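Following: one structure in structure tokens, then a few remarks.
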Amino acid sequence: MLVIVSWVSFWIDRTAVPARVTLGVTTLLTMTTQSSGINAKLPPVAYIKAIDVWIGACMTFIFCALLEFAWVTYIANKQDANKRARTEREKAELPFLQNSHNDVWVPREVAEQEREVMTVRMNRRQTNSVWKWIKTKTEWNDKSKRADLISRVMFPVLFLTFNISYWTHYGQYGVAIST
């Protein structure tokens, strides 16, 4: 349950830093407390127990969700800095831009209109309506949001894969019940 709760941060906006950090750290600390409580009740042994594998994997998934938030924040800050630098460069330029097609200087407004026309044409060329829907609804071009979108799918799939392999491996051992 704690692993799944840690995935909620993938749906929280990247700018809500306190919410995402609190969720990640709280789930990680709760998992650590659970681990300590479980290990305190078990006798110390020299080998790795099945519960150690389970708790270790769960802590890894929770910690990776916290790392994903750090990565998303880094990417977003880098994108914002690049956008600010680009805006400053554009303000510093002359009111004329060079047209890349034939080295003719044209007014900025004309160049922007030409870009809009090219964007419309490119959008019309996309024949795959599913891909077009994904790009428009999910802001796929924003790298930080793309990381969250990928994580929303990747984390559950990997955790499901771990569960299948874990229960397949450890399910073969019977539980000895003493009467």
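The values are calculated or read from the model by the stated rules, or taken from the named source; none is laboratory data. Everything quoted here is computed from the prediction, not taken from an experiment. We place every Cβ from the backbone using ideal geometry, glycine too, and count neighbours over all the protein chains shown. When the accessible area is computed, the model is the full protein with side chains, heavy atoms only, and any ligands, DNA or RNA have been set aside. Shrake-Rupley method; radii C 1.70, N 1.55, O 1.52, S 1.80 Å.
Being farther than 30 Å from ALA19 by Cβ, touching a helix residue (DSSP H, G or I) at 6+ places or on another chain (Cβ under 6 Å) and modelled with pLDDT of 80 or more is a description that applies to TYR170.
Within region 145-175, the set of residues being of a type in the set (Ser, Thr, Tyr) and not in a helix (DSSP H, G or I) comprises TYR173 only. Looking at this structure, is PRO18 free of Cβ contacts under 8 Å to residues at least 60 places away in the same chain, at negative phi, open to solvent by 60 Å² or more (accessible area, probe 1.4 Å) and not in a helix (DSSP H, G or I)? So PRO18 fails the test. Within region 54-89, being more than 16 Å from the chain's Cα centre (by Cα) and closer than 18 Å to THR27 by Cα holds for TRP54, ILE55, GLY56, ALA57, CYS58, MET59.
Of the residues screened, ILE134 is not one that is modelled with pLDDT of 75 or more, within 30 Å of ALA65 (Cα to Cα) and open to solvent by less than 100 Å² (accessible area, probe 1.4 Å). Taking the criterion of being part of a helix (DSSP H, G or I) and exposed (fewer than 12 other Cβ atoms within 10 Å of the Cβ), no residue of region 3-15 qualifies. Residue count for region 1-22, restricted to those that are more than 24 Å from ILE51 (Cα to Cα) and more than 15 Å from the chain's Cα centre (by Cα): 3. Step by step: first the residues of region 21-77, then only those that are outside any loop (DSSP other than H, G, I, E, B) and among the charged types (D, E, K, R), then the one that is most open to solvent (accessible area, probe 1.4 Å). Which residue is that? For region 21-77, the residue satisfying everything is LYS41.
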